[in-house]
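Working notes, beginning with the structure itself.
The values are calculated or read from the model by the stated rules, or taken from the named source; none is laboratory data. Quick caveat: nothing in here was measured; it's all calculated off a predicted structure. All Cβ positions, even for glycine, are placed from backbone atoms using ideal geometry, and neighbour counts span all protein chains on display. Each accessible area value is taken on the protein alone, full model and side chains, heavy atoms only, with ligands, DNA and RNA left out. Shrake-Rupley method; radii C 1.70, N 1.55, O 1.52, S 1.80 Å.
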Amino acid sequence: MIRLRAVAVGCAVAVVVVLTSVVPASAHDQLLSSSPASGERLPSAPEEITLTFSADVLDVGADIIVADAEGTDWAVGDPAIASATVAVGLTEGMPAAGYEVRWRVVSSDGHPISGVIPFTVGDAAPLERAPASASAPAVAAPVADDPGIPRIVVVAALGAGIALAALLLVSLLRRAARGRQSGKVSS
């Protein structure tokens, strides 16, 4: 009867641990706004590019390129990160042309996210991208977080391990208590 109770307690602990440790998948942080905005036509070149995200971004791996049709990068220096805002200065004298802001940051959950923001300066035509060939790498877009089977298996195994440890601890404590009881009875 005592073993049956110990097994029931162990199973209950395992169920509680597994159910409380499995959290719903959350999407990566995302770009909320940018200056200039996507597709915006500016009368003159901006002094900087500013990106605002849904949560703080990590201070590693941030990169912003502001490219024209020839691939010239007009960004100056490394991006400055302040909580959920990332900014980079631009070289003076940007001509009227179409541009792309190609950005990549590491979101608060540790996953890299990236995107492209087109904008135009002056009366120039917007920057047109040629269709990507099958061999050319595409610009990475944010991907939804999918926990997949491995994550669930790891969480379940962790829960089962904790439950087994709890069961062994309860069993050892009961044996020790019985040993003390039998020692008192025989004295």
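Work out how much length V9 to H111 would gain on full extension: take 0.36 nm times their residue separation and subtract the Cα-Cα distance, in nm to one decimal.
Residue separation times 0.36 nm, minus the Cα-Cα distance, leaves 32.9 nm.
Can you pull the one-decimal nm distance between simple spin-label points at S38 and A177, each 7 Å off the Cα toward Cβ?
Label at S38, label at A177, 6.2 nm between them.
Which order do R5, R174 take when ranked by solvent-accessible area (1.4 Å probe, heavy atoms of all protein chains), largest first?
R5, R174
Given points 7 Å out from each Cα along the Cα-Cβ axis, report the Q30 to E70 separation in nanometres with one decimal.
Going by the 7 Å Cα→Cβ label model, 3.7 nm.
Can you put L158, L42 in order of accessible area, largest first, using a 1.4 Å probe?
Details: L158 110, L42 25 Å².
Output order, biggest surface exposure first: L158, L42.
Taking the full set of protein chains and a 1.4 angstrom probe, give the accessible area of L169 in square angstrom, rounded to the nearest 10.
100 Å²
Given the protein chains as shown and a 1.4 Å probe, how many square angstrom of D73 are accessible, to the nearest 10?
Answer for D73: close to 70 Å² accessible.
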